[in-house]
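Every read-out reported here was derived from the displayed coordinates using simple, explicitly stated rules and does not represent laboratory data. All values reported here derive from a predicted model rather than from experimental measurement. Virtual Cβ from ideal backbone geometry, glycine too; neighbours counted across all protein chains shown.
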Amino acid sequence: MLEGIVAGLSTAFSLQNLIMVVAGCIIGTVIGMLPGLGPMSIIAIMIPVAVQLGDPSAALILLAGVYYGAIFGGSTSSILINAPGVAGTVATSFDGYPLARQGLAGKALTIAAIASFAGGTIGAILLLGFAPGLASVALLFHSSEYFALMVVGLAAIAAFAGAGQVAKALMMTILGVMLATVGESALFNAPRFTLGLQDLQSGLSFITLAMALFALPEALYLVLDPKRSKRGEGGDSRISNLRITRSEAKEIAPVIGRQSLQGFFIGVMPGAGATIASFLGYAVERNIAKGEDRVKFGKGSVKGLAAPETANNAACTGSFVPLLTLGIPGSGTTAILLGALIALNVAPGPRLMVDNPSIFWAVIISMYVGNVVLLILNLPLIPYIAKLLEIPRNYLIPFILFFTMMGSYIGQNNATELLLLAGMGIVATIMRMAGFPLAPMLIGFILGPLLENNFARAMNLSDGVSFMWERPMTAALLVFAITLIFLPSIRTGFDRLIRRRAIADK
């Protein structure tokens, strides 16, 4: 193992591979900032370029740099214009955008950069130390455990609901799962709920739904509310407070530590990935927060911003464990990376560490180097990126609408997506005005197909639903999910009891 690490170090720090790391990070960061152009699209486009390089380690380092660069840069559009183009950065907008509205865009971008760097770095260190052993842990998860894990992800919606809004959040989650069933089923290869429209055969696009739920309602709000359209909520257009204070650093430090570990281990499990890690990270931190800290979530909490940013970058690194050690892609992006490896005549799996140790360890070491490069590239640019919010809101509205429509159209290259975007955007705006949380709908939409497919496979394997109580890990996860659903109500009950006792004592 030590010889392999030394070989990986020499490979990773060669001039060619250092250039590949920097190039991949720059391309990924720029692509991540543009809604609609996620890492999957650009990696697919760059596979011929990677194959032409000829060197498998250089090619994989370049593509990996694009991958975590896009996750790193994806927070920018989420924070500045509430338009998350990458699924893993949706949760970033929950507190990142409110901070930007308060004139703290620079601080929000700084926290996102630091949290991303910390999550990616800790993830790379854990990957370096535990990759061989973690491969066996990943094999313990079967369809039933993945089904239960998806239920936990859906149950975490209670974390996104304010006081008395758990029922609304559950309704929106169910609506999201229902929308996910539109199109052909992966199991039965038959169209469902398409209304006879050919354009709905492949289902609804994540990008279209994300834009309709977050970016388009924001643009409509700016139009409908003239006061909101002038400047930020504080009325001060100057971008200030680019640095985080010592107290804020103390606040986010334990969050970064917890979510680096949680995010990494979620990323290790095939099929989980950065999106689930970011939502669960946000849910966990909101549920363990107390008093005023919990109230701040969704309104501009530094903890609420640091949690998903740390978790998604740590999970991004963790997703390379099943890819490199088992040959199992953990997400759509790593599936494309798997195709690139095969095109380069490299067989990922248990033998990769033995047959090609320089490739295996060079990719892992380059991840740490890449995170350092990303931090050096992004931190100096924060003041200039944040100046986007100095643009008067009435000029910013066409900018938001352009990127919203462009992101939706590019995702499917289909004009029907624009009609769906407009229709769902208007409905989402009405729901937002009625006080319905929109994030649970997107969570339901993302996790719905994974929930359905794993449930069907688990039923086929166990010839029924007995797997729910026969497999200990599945049962434990389902009990945890039920606890998450009722936790807000239990907490509210305890708070009322404490208040009554305090009043009685007086």
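Mind ordering 194-203, 22-31 by average Cβ neighbours within 10 Å, highest first? List each step's numbers first, then the result.
Numbers: 194-203: 12.5, 22-31: 22.2.
Those peptides, ordered most packed to least, come out 22-31, 194-203.
Applying a 10 Å radius around every beta-carbon, put 441-448, 249-256 in order of their mean neighbour count, most first. List each step's numbers first, then the result.
On the way: 441-448: 24.6, 249-256: 17.5.
In descending order of packing, they fall as 441-448, 249-256.
Diagonalise the Cα gyration tensor of the range 407-475 and give the resulting equivalent ellipsoid semi-axes, square root of 5 times each eigenvalue, largest first, whole Å.
On the way: eigenvalues 255, 63, 14 Å².
Taking √(5λ) for each Cα gyration eigenvalue gives 36, 18, 8 Å.
Using packing as a proxy for protection, rank 209-221, 427-439, 72-84 so that the peptide with the highest average count of other Cβ atoms within 10 Å comes first.
Packing order, densest peptide first, comes out as 72-84, 209-221, 427-439.
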